[in-house]
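Structure first, then comments.
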């Protein structure tokens, strides 16, 4: 009897440990002004079942619409999108409890920051309405220094309503961290900056810029898993451009579209990601479309369209694929929910799991340990 009891106890212990190993953190950044939100939310996410449970929230943070987690996952950096009073904030993060602790904030040095990245030395921010890039140093306690460098973009595009001036929409590290790429929706350019992380003032130095189709409005990009290709999503015309990439240089390879054949409604491309196995690329589209497009990535880096799927909500912004590649989560700004899809790893197709998170105006999703 004793052996049988011990065996059952061992099985129960192993099962419990496996269940715990399936749990990871999901961080969510939100807009706080349209509805009641505390800012940043942390959920437990089960990578086997897609079950979710609220774990923690920030005390209060104005419109933390985009988040970036430090490599050691001890700190969260967030933009506070608030017009001319916009800031960038740092928070301590405890992975086990999910506790978020405010550390400090600094002026973003540009209106409406919408994207940020970080490494061991710096936090780099794209200011949309300011049309510029700000670079902040990081102290050992995770706090931010004042801006060490601000780079202003110039020029405009042919779309008078959306391209009246520069609008930096994204900054992104190259895989080797030697370069930072910056998309400017306002002047239809992708800038490539050499990156000098240890410099005190000239952290970014312009290396090159690439002009894209006038009026296309480059928004977000992603590198292929092998780092040889860059996929650039354009907000204003729904196009998706493939570039080959090497040593801080882009060369155009092909163009695709995320628009369905015959679609005539309003649209606004949003976010782009690649599955962990590198086989499929996904891109969201807002407006009256509210879809996510699926592409198979071919061996030559080009894309093969596999159609669109409804995101089952309005205003799909950021989305995220969990580290196991089983699930894809879409944050809807206007229907205030996060819809969870299951991914078919053979075809890339998405199926609604029936599970969702109801949350005020979610716009950014980040998975953590």
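The values are calculated or read from the model by the stated rules, or taken from the named source; none is laboratory data. This is a predicted model, so every value here is computed, not measured. All Cβ positions, even for glycine, are placed from backbone atoms using ideal geometry, and neighbour counts span all protein chains on display.
The table below gives the values:
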quantity: Counted residues, region 236-251 - those being in contact (Cβ under 8 Å) with a residue 40 or more places away in the chain, touching a strand residue (DSSP E or B) at 6+ places or on another chain (Cβ under 6 Å) and surrounded by fewer than 20 Cβ atoms within 10 Å (Cβ to Cβ); calculated: 2
quantity: Members of region 97-122 found to be over 19 Å from residue 222 (Cα atoms), assigned to a strand (DSSP E or B) and in contact (Cβ under 8 Å) with a residue 12 or more places away in the chain, listed by number; calculated: 100, 102, 103, 104, 105, 106, 107, 113, 122
quantity: From 165, 177, residue being outside any strand (DSSP E or B), under 24 Å from residue 87 (Cβ atoms) and either out of contact with any helix residue (DSSP H, G or I) (no Cβ under 9 Å at 6 or more places or on another chain) or at pLDDT 95 or above (or both); calculated: 165
quantity: Every residue from region 46-61 that is at pLDDT below 95 and surrounded by 13 or more Cβ atoms within 10 Å (Cβ to Cβ); calculated: 61
quantity: Subset of region 321-334 [within 21 Å of residue 46 (Cβ to Cβ), surrounded by 20 or more Cβ atoms within 10 Å (Cβ to Cβ) and free of Cβ contacts under 8 Å to residues at least 60 places away in the same chain]; calculated: 321, 328, 330
quantity: Yes/no for residue 79 being in contact (Cβ under 8 Å) with a residue 24 or more places away in the chain and touching a helix residue (DSSP H, G or I) at 6+ places or on another chain (Cβ under 9 Å); calculated: no
quantity: Matching residues, region 184-212, being crowded, with 20+ Cβ neighbours inside 10 Å and under 18 Å from residue 118 (Cβ atoms); calculated: 193, 195, 203, 204
quantity: Condition check for residue 354: in contact with a strand residue (DSSP E or B) (Cβ under 6 Å, 6 or more places away or on another chain), over 26 Å from residue 96 (Cα atoms) and modelled with pLDDT of 95 or more; calculated: no
quantity: So residue 126, is it on the phi < 0 side of the Ramachandran plot and in a loop (DSSP other than H, G, I, E, B); calculated: no
quantity: Residue pairs meeting the criteria (Cβ under 8 Å; at least 6 apart or on separate chains; first at positive phi, in region 35-49; second not in a loop (DSSP other than H, G, I, E, B)); calculated: 39/29; 39/30; 39/57; 39/78
